[in-house]
Amino acid sequence: MGKPTIGYAMCGSFCTFAKSMETLRKLAEEGYDILPIMSETAYATDTRFGAAEDIVREVEEITGKKVIHTIKDAEPIGPKKMCDVILINPCTGNTLAKLAAGITDTAVTMAVKSHLRVLRPVVIALSSNDALGANARNIGEMLVRKNIYFVPMIRDDEINKPNSLTAIQSKAAECAVECLKKVSGEAGIVSGNSQQ
């Protein structure tokens, strides 16, 4: 029997993509089956951090699967139990706010809603310039929800971006794996976990 399936969702915090790719590659090298999911913005936007086509190609090469990038294709994730855990890496403040408010208008928010419907864990690796500002309330809202976990966060530039937080990327894979252990009853303490 193979390793569990990790839904790997990416939102448009483009400056975080290079580090996220390292985490994705690490999980793939460890033998996890990975289902790639990208928000429409992440899937289609060229930025100074890379061309969308190149980023999508890299994700698909690492995972060996086509990226899910539409609401329609993300909807079956829960009912078909396609993932054991979803890791949103990076999760933008915009996506966090939508999840907190129950808004489902991207492939990532649909994937999470669908996955939570069958009571499976979601790990959030936040990357937001307003995490300690407008989005602080959304972090609090998500911390009290069942099956929601956060990768530990740090202030990435307290002088120039005093409200900004970013997930500690070296902990992202570990948190996802710990949640998988929790699902199978093998976990110790899950890093950054919310209420049980």
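Observations, loosely collected:
- Meets criteria (of a type in the set (A, V, I, L, M, F, W, C) and over 14 Å from the mean Cα position of the chain (by Cα)) for residue 101: yes
- Count - residues of the range 11-41 that are aliphatic (A, V, I, L, M) and at pLDDT below 95: 1
- So residue 144, is it surrounded by 19 or more Cβ atoms within 10 Å (Cβ to Cβ) and either of a type in the set (A, V, I, L, M, F, W, C) or more than 15 Å from residue 96 (Cα to Cα) (or both): no
- Among (1) surrounded by fewer than 14 Cβ atoms within 10 Å (Cβ to Cβ); (2) touching a residue at least 12 places away in the same chain (Cβ under 8 Å), the one test that residue 41 misses: (1)
- Residue within the range 161-176 that is on the phi > 0 side of the Ramachandran plot, at pLDDT 90 or above and not small (Gly, Ala, Ser) present: no
- Annotation: of all residues in the range 55-91 being buried (at least 22 other Cβ atoms within 10 Å of the Cβ) and closer than 16 Å to residue 176 by Cα, the one that is farthest from the chain's Cα centre (by Cα) is 83.
- Criterion violated by residue 115 - all others in (1) of a type outside the set (Gly, Ala, Ser); (2) buried (at least 21 other Cβ atoms within 10 Å of the Cβ); (3) farther than 15 Å from residue 68 by Cα satisfied: (3)
The values are calculated or read from the model by the stated rules, or taken from the named source; none is laboratory data. Values in this document were obtained by computation on a predicted structure and should not be read as measured data. Methodologically, a virtual Cβ is constructed for each residue, glycine included, from the backbone with ideal geometry; neighbour enumeration extends over all protein chains shown.
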